[in-house]
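Working notes for the structure below.
The values are calculated or read from the model by the stated rules, or taken from the named source; none is laboratory data. Note that this is a predicted model, so its numbers are computed, not measured. Cβ placement follows ideal geometry from the backbone for every residue including glycine, while neighbour counts extend to all protein chains displayed.
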Amino acid sequence: MYRRRRPPPAEVTFNFDSFLDLVANLCGIIIRLILVAWVGARAYHASMENTRQTPPDDAPLKAADDPLSRELLLARAELEKTRLRLLEQLKDIEKVQSKTQHVTLELASLTSKREQEELVGRALLEAEGDKSPSVSPPASPPAGPPLALADLKKHQEELLRQIKELDQMPLKNKVLRFRTPLSKPVATDELMFECRGGRVTFIDLPAFLLEIEHQVRDLQDQLERRGRAVAVTSSIGAFRLNYGVQRQGYLASVLFHRWVLEPITDNRGETFEQALKSGSSFRQALEGALPDHTVVTFWVYPDSFGLFRQLRDVLYHNGMEVAGRPLPTGVPIMGSSDGTASRGQ
């Protein structure tokens with residue numbers, strides 16, 4: 001069957017109408033873009049002007065804007081006035097305290113003068129014979145009063161004679177001995193005491209050394225493995241001793257490298273009056289001490305310097321040599337093999 005073929009398409013020819021439509025569309029698009037940019041620019045400038053006129057919310061507030069600033073100023077002024085009043089009151093209190101001390105000193109001096117006058121008055125009454133009713137002889141038969149008066153006269157004469165003899169006797173000058181401030185290291189036997197809280201306590205160091213010699217035998221294993229060992233003694237008196245043992249060569253020798261004396265109780269020691277009594281721990285510790293071969297060392301805390309001076313004067317009077325080692329409050333008694341030795345006077 002015969003089929004009719006389609007003719008080939010003709011070539012597209014140039015048309016001015018389509019060209020004009022294309023140019024018109026491009027111009028419209030450009031005009032629209034210009035309008036959009038213009039409107040956006042006006043909106044941006046308007047928003048920037050509003051931002052400049054309105055301050056930001058997070059701007060820092062001034063102190064004057066705070067509603068409580070006035071109350072704070074008033075409270076500070078009131079505190080300042082109160083501080084000034086307290087300072088004035090403290091000054092008044094100091095003045096009152098100084099006046100009180102002055103009055104107390106005057107009262108003490110007047111009391112001592114009164115006691116001296118009373119002693120002088122009593123001595124005069126005894127010398128002249130007291131005829132007051134309080135010391136008059138008791139009632140007796142009719143022959144009694146003349147005899148009592150005669151006895152009083154004899155007693156008066158005897159007192160006057162004794163007073164004259166005392167006046168004629170030479171005065172005994174008391175020799176005051178003051179130790180020189182020079183000191184020397186301790187190279188003799190040493191006895192140690194602790195002065196704390198107004199009490200003196202004996203430190204039995206020879207007993208500690210004797211116990212350490214027995215304990216060293218039990219520490220041989222630690223010495224062979226480590227070369228040193230640390231141990232604690234039992235309680236001797238009011239203390240116990242923490243010490244160290246160090247091995248030197250093939251022999252173990254006791255070295256007190258930073259040994260510390262540990263107190264067992266706070267309520268320990270004796271007061272000055274108790275220490276001077278017969279049978280006290282202080283006197284028992286000094287019984288076997290030789291004055292020429294023994295030095296007494298006191299570990300003194302700040303609250304017991306007065307007690308140390310009293311005990312030192314007593315020992316000086318007995319010919320003993322004394323060494324003092326002051327300690328700050330709260331620091332235990334300690335020492336080491338490299339430490340300084342006591343210096344006696």
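Computed values, structure above
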read-out	value
Checking Leu219 against (1) closer than 14 Å to Met192 by Cα; (2) over 36 Å from the mean Cα position of the chain (by Cα), the condition it does not meet	(1)
Residue within segment 89-101 that is hydroxyl-bearing (Ser, Thr, Tyr) and modelled with pLDDT of 75 or more present	yes
Restricting segment 290-305 to residues that are aromatic (Phe, Trp, Tyr) and touching a strand residue (DSSP E or B) at 6+ places or on another chain (Cβ under 6 Å), the residue that is surrounded by the fewest Cβ atoms within 10 Å (Cβ to Cβ)	Tyr301
Residue in segment 200-223 that is modelled with pLDDT of 85 or more, touching a strand residue (DSSP E or B) at 6+ places or on another chain (Cβ under 9 Å), surrounded by 13 or more Cβ atoms within 10 Å (Cβ to Cβ) and assigned to a loop (DSSP other than H, G, I, E, B) present	yes
Flag if Glu287 is surrounded by 15 or more Cβ atoms within 10 Å (Cβ to Cβ) and modelled with pLDDT under 90	no
Residue identified as within 30 Å of the chain's Cα centre (by Cα), at positive phi and either touching a residue at least 24 places away in the same chain (Cβ under 8 Å) or surrounded by 14 or more Cβ atoms within 10 Å (Cβ to Cβ) (or both) among Arg258, Arg325, Arg268, Arg312	Arg258
